[in-house]
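Inspection log for the structure reproduced underneath, given as structure tokens.
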Amino acid sequence: MTITNEGLGLVRETMSEARLAEEIVFARLTPSEQAQPKGLLRRLIGIEDEADGTRDE
């Protein structure tokens, strides 16, 4: 799966709304349960991993 440049631009434009949605969606999960899907989404769009400060490119 890949994301186009247009899609990446859209992700960046809507990041604040996405963070709010993330809080709602993951509210019932433990931090451990949240880690895997969050990590995969961050890797897919190439943003920094908040846990270790690395960036996948």
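The values are calculated or read from the model by the stated rules, or taken from the named source; none is laboratory data. Note that the structure is a prediction, hence the values are computed from the model and not measured. Each accessible area value is taken on the protein alone, full model and side chains, heavy atoms only, with ligands, DNA and RNA left out. Shrake-Rupley method; radii C 1.70, N 1.55, O 1.52, S 1.80 Å.
Structure notes:
- If you sort R19, R12, R28, R42 by accessible surface, 1.4 Å probe, largest first, the order is R28, R12, R19, R42.
- Annotation: extensible slack from L20 through I3 equals 4.0 nm (criterion: 0.36 nm per residue apart, minus Cα-Cα distance).
- The order of V25, V11 by accessible area, most exposed first and with a 1.4 Å probe, is V25, V11.
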